[in-house]
Each structure stands twice: as C-alpha cells, then as structure tokens.
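In what follows, a structure is listed as structure tokens, so that the remarks can point back to it.
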Amino acid sequence: MVLLHGFGDTATWWAPLAAKLMKDHTSSFRPARYGPLGHPETGYTKKNQGVDIAGVMDYLKIRKSRPSYP
C-alpha cells in the first residue's frame, strides 16, 4: 500500500494509521519533496514526486500498487 499525503501536509499526517499498520505490515513512510527533507534542486512538480515514489518502490522491490480512492 502506498499512502500519499496532500500538498502542504507531511507524512506525519499518516501517524495514527501508520502505528496500526506497523503492527502487522512492513511499512515505510516518507514525506513528499516539500516536507522536512529540504528544498530539492529539481523542483516540486508532481512528476518529480511520482519519480520519487517510484524510486522508493523500486528500492523496496514493490512491483505495483493499485489506486484506491476514499
């Protein structure tokens, strides 16, 4: 499961859910480019953020995630 927060929020938004998920699931949570990690040289575009998430998924060897909307 890939959880993405909205623009202006941070990964801490997921903290209550993350605490529950970590009990039974391997979990990795990271802020988007505009979070506490600083200011990226390559910009804040949604495309760049997608590349970031794809990179994390590749690193964790996650092959796919399907969309799920509330």
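The values are calculated or read from the model by the stated rules, or taken from the named source; none is laboratory data. Keep in mind that what you see is a predicted model, and the values were worked out from it rather than measured.
Of all the listed residues (HIS39, HIS5), the sole one being assigned to a loop (DSSP other than H, G, I, E, B) and at pLDDT below 70 is HIS39. All told, ASP52 falls short of being among the charged types (D, E, K, R), within 13 Å of the chain's Cα centre (by Cα) and modelled with pLDDT under 75.
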